[in-house]
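Everything on this sheet refers to the single structure shown next.
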Amino acid sequence: MTRKPPVETLGEEDARQELAQLAQVLAKANTAYHGEDAPDLSDAEYDALKRRNAAIEAAFPHLKRADSPSDQVGAAPAEGFSKVTHSQRMLSLGNAFEDTDVRDFVEGIRRYLGLDAASALAFTAEPKIDGLSLSLRYEDGVLKQAATRGDGSVGENVTQNAMMIEDIPKRVDGAPGILEVRGEVYMDHADFEALNARQEARGDKTFANPRNAAAGSLRQLDATITRSRPLKFFAYAWGEISKPLGDSQFDALTRLAGMGFQTNPLTQLCASTDEMLEHYRAIEAQRATLGYDIDGVVYKVNDLALQGRLGFRSTTPRWAIAHKFPAELAWTRLEAIDIQVGRTGALSPVARLTPVTVGGVVVSNATLHNEDYIAGRGGDGQPIRGGNDIRVGDWVQVYRAGDVIPKIADVDLSKRPEIAQPFAFPTLCPECDSDAVREEGDAVRRCTGGLICPAQAVEKLKHFVSRAVFDIEGLGAKQVEQFYTDGWIREPADIFELEARFGSGLQQLKNREGWGEKSATNLFAAIRDKRTIPLKRVIFGFGIRHVGEQASDLLAKHYGTWDMMIAAVDAARGCEGPEWDDLLAIDGIGQVMARSLVSALSQEAERASIDRLIAHLEIEAAEVPQTDGSPVAGKTVVFTGSLERMTRAEAKATAEAMGAKVSGSVSGKTDIVVAGPGAGSKEKKARDLGLQILDEDQWLALIGRS
Ligand code: IVH
């Protein structure tokens, strides 16, 4: 951000202009915060702009605008689109950055499927379009519904808008009765330039890049605006279909092209990893002349039967990966290093940069990771950047890859100002003055203040209300901060007591700046609405270190209910032994996560706070997948010995998908032991306990896979 002159020195015309500009920037930030067109403003920047706005208004009260940002609470402008629950989740993709990541991906698939190096395994390779994904539902060949991805489960109904896009067929011949086509909406470079020129001529806001322009144009409540914005669409996948489109990815795409969908002409079938990488380079070489933005190449297993066997991890398919292009780079000045305190107490250094355009986006902040990184040491203690440290005043190279937070890649010592000093990383928390310590083996210095640290408490609350967690409409990061400062909300449970605690709640809230009767009533309704909530969101909402969205989903699926999970956690607490087996047997939950979960839920203050929250909630049991009629639902299965018709990983994933729990050790709680050749002590123990023992064929017959 450029430095602004002090308010006292502003002339009236300057003040008027700056207020207009602030109204525009803050409105955009609000929209972006709640929508998909991702914001480029950090919370701190947003707050600084709001403070600046308030200061100018205080100095020039008569210039306060009708649409003043001071009067607005970050209300969700996405309101207005109805919600659509996807019949099949819209997934994202895992990422590969290096050739070795692609080789590992292919090897991992071979291992999972038990294919040796000589067996054929083909992949499709196609550009990864940098737009936003859309799901189109056709019933009997007629376009019935279009929905954005949203959080993957629930998106926004943008049917009217999709109707305006020429590339999207409104009717298709020869389609199965139910056909959901998925693909990417994007804007090409020429249309993007022309749109921005028109916007500028009209004094309307311009877009930072084609992706934002596409998102902003599709998510218009007034579909006639969408019509005036030239959007395009490439089909690359499908959701629910009443009849398969083919036996292979490639054939299915060809079939979609035959129905009138645009498919990417650079899609190619590759018989080996070398061919995949070769095609990646060919696409990369054409990137600048394609006329639209792509940010990598997507590889997908071609054989759809194999895709079916590989299945999904919680948010990504095992059979596909995005191979990203290398990051884009630019040089700029490091103006300051700020320390932010996160919800787990981590002190994160943030680089404040002289704004610079990196690959079409203006960057003014970048992460500096941790103190070793600033000092020129990597995670393994070895020198990075030739051991050069980073100092305020330095000329630094910034890079960004895709959506990730920009990073500092390098520093130019020849441009270092003489007065630049090594950065002294604080050993006290800048927010609460508690000691900030680094535990052995941890790269991160953490504030030891726990919940007394306002930054930790507020960050935890912000996480709690965020979109992937409780997603309470009208209660965003800004409101949480406001309520925390006022002492209205100190922990998640307080949110649910807000209405009762203030009498009807309404009177107090509606007297606050930025709140009216309607917004206050809506807020209380939105909070009440979220008292019923899926288990995985509750677990994720605690903001426990190492227990992210994916782990929360795995835990919820494994345990089904809060009571089951907390019983397992309490059993493991204070013990070292088989009490941990159940947790550790979950595919994707490792030692570090399990320990972090148990230790967080065992800490007295934290547990008490969680218990207070739980008392307000009606927790929805996790859906245990496809278990209707599954003969193994709820059963605990142990695989031992070698398997011949599938790998251990596939056996485990299949059993779990049918609602079984897979454990590594045999005990009285085990229901079925699947024993292959070479099974040893586990099979013996199973016999001693009189458990059901099956060979691989009997197991496959039981689950209907023989
Ligand atoms: S396949 C189950 N193919 O990338 C896999 N995705 O990072 C579904 N994307 O959400 C995605 N080009 O929005 C696929 N050729 C392509 C793509 C593509 C762009 C987007 C898509 C997805 C995101 C994942």
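What follows is calculated from the coordinates using simple rules that are stated; it is not laboratory data. Nothing here was measured: the structure is a model prediction, and the numbers come from that model. Ideal geometry is used to build each Cβ from the backbone, glycine not excepted, and the neighbour counts take in all protein chains shown.
Normalised by residue number, the volume inside the convex hull of the Cα atoms of region 266-381 is 192 Å³ per residue.
When cysteine pairs in the chain are screened for C-beta atoms closer than 4.7 angstrom, the residues that find no partner are C270, C575. Modelled spin labels at N157 and L266, positioned 7 Å past Cα toward Cβ, are 3.7 nm from each other.
Hey, any idea what Rg/Rh is for region 571-658, computing Rh the Kirkwood way over Cα pairs?
Reported Rg/Rh (Cα atoms, Kirkwood Rh): 1.05.
Calculated over region 75-168, the projected area of the Cα convex hull averaged across directions stands at 9.7 nm². Seen against the Cα atoms of the chain and their longest principal axis, helix 189-201 is set at about 30 degrees. Net length available on complete extension from D380 to A66 is 107.5 nm, with 0.36 nm assigned per residue and the Cα-Cα distance removed. Largest first and in whole Å, the equivalent-ellipsoid semi-axes of the chain read 43, 34, 28, each the square root of five times a Cα gyration tensor eigenvalue.
Is it possible to state the helix-based mean residue ellipticity at 222 nm for the chain, with each DSSP H run of 4+ residues giving -39500 (n - 2.57), the sum divided by total residues, to the nearest 500 deg cm²/dmol? What is it? Could you put the intermediate results ahead of the total?
Numbers: 25 runs with 253 residues, N = 706.
Helix-only estimate at 222 nm: -10500 deg cm²/dmol.
Ordering 475-483, 439-447 by mean Cβ neighbour count within 10 Å, with the highest value first, yields 475-483, 439-447.
Please compute one quarter of the surface area of the Cα convex hull for region 307-461 and express it in square nanometres. Kindly include the intermediate steps, with their values, before the conclusion.
On the way: hull surface 48.7 nm².
Seen from a random direction, the Cα hull of region 307-461 projects 12.2 nm² on average.
In terms of the mean number of neighbouring beta-carbon atoms within 10 Å, the peptides 295-307, 209-221 order highest first as 209-221, 295-307.
For region 497-599, the mean projected area of the C-alpha convex hull, equal to one quarter of the hull surface, is 8.3 nm². The length gained on full extension between D104 and D697, counted as 0.36 nm times the residue separation minus their Cα-Cα distance, comes to 210.4 nm. In region 446-465, which residues have a backbone nitrogen under 20 Å from the label point lying 7 Å from I405's Cα in the Cα-to-Cβ direction? Counting only backbone N, you get 446-450, 453-465. Based on the Stokes-Einstein relation at 10 °C and a viscosity of 1.306 mPa s, and on the Kirkwood radius from alpha carbon pairs, region 658-706 is assigned a translational diffusion coefficient of 140 µm²/s. Find, among the GluC sites (Glu not before Pro) in region 487-565, those assigned to loop by DSSP (not H, G, I, E, B) with at most 14 other beta-carbon atoms within 10 angstrom. Of the GluC sites (Glu not before Pro), the ones in loops of region 487-565 whose Cβ has at most 14 other Cβ atoms within 10 Å are E513.
To the nearest 0.05, how large is the calculated FRET efficiency for F97 and W331 if R₀ is 22 Å and r is the Cβ-Cβ distance?
On the way: r = 22 Å, r/R0 = 1.00.
Computed FRET efficiency for F97 and W331 comes out at 0.50.
Would you mind checking the tilt of helix 517-529 against the longest principal axis of the Cα atoms of the chain, expressed as 0 to 90 degrees and rounded to 10? The two axes meet at around 20 degrees.
Output the relative contact order of the chain, whole-number percent, from Cα pairs under 8 angstrom with separation of 6+ residues. Before the final figure, lay out the partial values.
Values: 1241 pairs, mean separation 67.3, N = 706.
Taking the mean separation of contacting Cα pairs over the length of the chain, I get 10 percent.
Computed over Cα pairs, the Kirkwood radius of region 548-591 leads via Stokes-Einstein (0.890 mPa s, 25 °C) to a diffusion coefficient of 230 µm² per second.
Within straight-line reach of K300, meaning a Cα separation under 27 Å, sit the following lysines at least 8 residues removed in sequence or on another chain: K128, K232, K243, K324, K557, K652.
Helix 454-465: angle to the longest alpha-carbon principal axis of the chain, degrees 0 to 90, nearest 10? The angle comes out at about 60 degrees. Label positions at T647 and A201, each projected 7 Å from the Cα along the C-beta direction, are separated by 5.8 nm.
Exposure proxy ranking for Y186, Y373, based on other Cβ atoms within 10 angstrom of each Cβ and starting from the fewest, stands as Y373, Y186.
Which order do the peptides 14-23, 316-325 take when ranked by the mean count of other beta-carbon atoms within 10 Å per residue, highest first? Could the numbers behind the result be given before it?
Working: 14-23: 16.3, 316-325: 20.8.
Ranking, from highest mean packing down: 316-325, 14-23.
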